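Colleague: One structure coming up, written as structure tokens, with questions to follow.
The values are calculated or read from the model by the stated rules, or taken from the named source; none is laboratory data. Predicted, not measured: the structure shown is a model, and the values here were computed from it. Backbone-built Cβ (ideal geometry, glycine too); neighbour counts: all protein chains shown.
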Amino acid sequence: MILKAVLFDLDGTLLDTAADFTTVLNTLLQQHGRPTVDYHRVRQTVSDGARAVVSMGFEQDIESPGFDTLLQSFLDAYAQHLAVGTTLFPGMAEQLTEIENRGMQWGIVTNKPARFTEPLLEALELKQRCATAICPDHVSNRKPHPEPIYLACQQLGVHPRNAIYLGDHRRDIDAGRNAGMPTVACRYGYIHDGDNIEDWGADYILSHAADLTPLMDQLTTLETTTQP
């Protein structure tokens, strides 16, 4: 393969957003006279989305009466608390610079709505550097459907075979595989206890964000050795 682009899932892969989710959830729980939950439990749930976070915190099924009201309160509060404790994962800033220095593009494919994704990237000064950011608002089908991956590739002007997709959830790996794109599972992300990422079928696994540079080197070596 000729590597031309790197695509990232957002929460749990590119950005460590769990601290802000924890703060917002616990504030809402306290307002309702409920006990707070610890950071670790929230961290494990973030990649499943806001519904899962609220359901876990309030111990309510998403179909239960009043759940939608709680969810809306959570989302409204989160919109005001997007980038207080959120950061790039350790080592990720250097990886983005390395990608750019190699003359490649990088982008995001996320199930996080644009309402939150775009101002978050702006606040972290990543919006202008990110070549594409595909959210559910931009497609008819969310991950694990390949449509968001295809749209990102279309906007980048690359074939799925010439990019890699990094994610911390099985749906990310499924989305990449469904699009015919090499996939990378991120062990450093929001992995559930007992969830074995070796079972996801990813082409590669990273234990730390800094491992991305050696992987790009490896893929470049493969590219060179397989050329006629």
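Colleague: Looking at this structure, is Leu96 in contact with a Lys or Arg (Cβ under 6 Å, 6 or more places away or on another chain) and assigned to a helix (DSSP H, G or I)?
Modeller: Against the criterion (in contact with a Lys or Arg (Cβ under 6 Å, 6 or more places away or on another chain) and assigned to a helix (DSSP H, G or I)), Leu96 does not qualify.
Colleague: I've got another one for you. When Ser55 is evaluated against the numbered criteria (1) over 25 Å from Leu124 (Cβ atoms); (2) surrounded by fewer than 18 Cβ atoms within 10 Å (Cβ to Cβ); (3) touching a helix residue (DSSP H, G or I) at 6+ places or on another chain (Cβ under 8 Å), which criterion, by number, is the only one it fails?
Modeller: If we test Ser55 against (1) over 25 Å from Leu124 (Cβ atoms); (2) surrounded by fewer than 18 Cβ atoms within 10 Å (Cβ to Cβ); (3) touching a helix residue (DSSP H, G or I) at 6+ places or on another chain (Cβ under 8 Å), just (2) comes out false.
Colleague: Given the criteria in the same structural domain as Asp199 (by TED's automatic domain parsing), of a type in the set (Lys, Arg) and within 13 Å of the chain's Cα centre (by Cα), does Arg170 qualify?
Modeller: The answer is yes for Arg170.
Colleague: Quick one: which of Ala131, Ala123, Ala163 is closer than 25 Å to Gly201 by Cβ and touching a Leu at 6+ places or on another chain (Cβ under 8 Å)?
Modeller: Ala163
Colleague: Taking the stretch 30-47, which residues are surrounded by fewer than 18 Cβ atoms within 10 Å (Cβ to Cβ) and part of a helix (DSSP H, G or I)?
Modeller: Hits for the stretch 30-47 are Gln30, Gln31, Tyr39, His40, Arg41.
Colleague: How about the stretch 205-218: which of its residues are buried (at least 17 other Cβ atoms within 10 Å of the Cβ), touching a residue at least 24 places away in the same chain (Cβ under 8 Å) and not small (Gly, Ala, Ser)?
Modeller: Filtering the stretch 205-218 down to residues buried (at least 17 other Cβ atoms within 10 Å of the Cβ) leaves 206, 209, 211-212, 215-216.
From the residues that got through so far, the ones that are touching a residue at least 24 places away in the same chain (Cβ under 8 Å) too are 206, 209, 212, 215-216.
Answer for the stretch 205-218, where residues must be buried (at least 17 other Cβ atoms within 10 Å of the Cβ), touching a residue at least 24 places away in the same chain (Cβ under 8 Å) and not small (Gly, Ala, Ser): Leu206, Leu212, Leu215, Met216.
Colleague: Could you please tell me which pairs satisfy a Cβ distance under 6 Å, a separation of 6+ or placement on different chains, a first residue in the stretch 183-204 that is closer than 23 Å to Ala18 by Cα, and a second residue that is among the aromatic types (Phe, Trp, Tyr)?
Modeller: Close Cβ pairs satisfying both conditions: Val184/Tyr204; Ala185/Trp200.
Matching residues to (1) touching a Lys or Arg at 6+ places or on another chain (Cβ under 7 Å); (2) surrounded by 22 or more Cβ atoms within 10 Å (Cβ to Cβ); (3) hydrophobic (A, V, I, L, M, F, W, C):
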{"position": "Pro119", "(1), (2), (3)": "no, no, no"}
{"position": "Ala133", "(1), (2), (3)": "no, yes, yes"}
{"position": "Pro144", "(1), (2), (3)": "yes, no, no"}
{"position": "Leu156", "(1), (2), (3)": "no, no, yes"}
{"position": "Asn162", "(1), (2), (3)": "yes, no, no"}
{"position": "Arg177", "(1), (2), (3)": "no, no, no"}
{"position": "Thr183", "(1), (2), (3)": "yes, yes, no"}
{"position": "Tyr188", "(1), (2), (3)": "no, no, no"}
{"position": "Ala202", "(1), (2), (3)": "no, yes, yes"}
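Colleague: When you look at Ile108, is it of a type in the set (A, V, I, L, M, F, W, C), crowded, with 20+ Cβ neighbours inside 10 Å and either touching a Lys or Arg at 6+ places or on another chain (Cβ under 7 Å) or in contact (Cβ under 8 Å) with a residue 40 or more places away in the chain (or both), yes or no?
Modeller: Criteria met by Ile108.
Colleague: Yes or no: Leu126 crowded, with 21+ Cβ neighbours inside 10 Å, within 27 Å of His81 (Cα to Cα), of a type in the set (A, V, I, L, M, F, W, C) and out of contact with any Pro (no Cβ under 7 Å at 6 or more places or on another chain)?
Modeller: When the stated conditions are applied, Leu126 does not pass them.
Colleague: Exactly one of (1) out of contact with any helix residue (DSSP H, G or I) (no Cβ under 8 Å at 6 or more places or on another chain); (2) assigned to a loop (DSSP other than H, G, I, E, B) is unmet by Gln218. Its number?
Modeller: Tallying (1) out of contact with any helix residue (DSSP H, G or I) (no Cβ under 8 Å at 6 or more places or on another chain); (2) assigned to a loop (DSSP other than H, G, I, E, B), Gln218 fails exactly one: (2).
Colleague: Contact list please: Cβ distance under 6 Å, first residue in the stretch 77-97 and small (Gly, Ala, Ser), second residue surrounded by 15 or more Cβ atoms within 10 Å (Cβ to Cβ) and in a helix (DSSP H, G or I), pairs at least six apart or on different chains.
Modeller: The qualifying pairs are Ala77/Val24; Ala83/Leu120; Gly85/Ala19; Gly85/Asp20; Gly91/Ala209; Gly91/Ala210.
Colleague: Evaluate the following for Thr17: is it within 30 Å of Gln155 (Cα to Cα) and touching a Gly at 6+ places or on another chain (Cβ under 7 Å)?
Modeller: no
Colleague: For the stretch 185-208, what are the residues that are of a type outside the set (Ser, Thr, Tyr), at pLDDT 95 or above and touching a Ser or Thr at 6+ places or on another chain (Cβ under 9 Å)?
Modeller: Matches in the stretch 185-208: Cys186, Arg187, Gly189, Trp200, Gly201, Ala202, Asp203.
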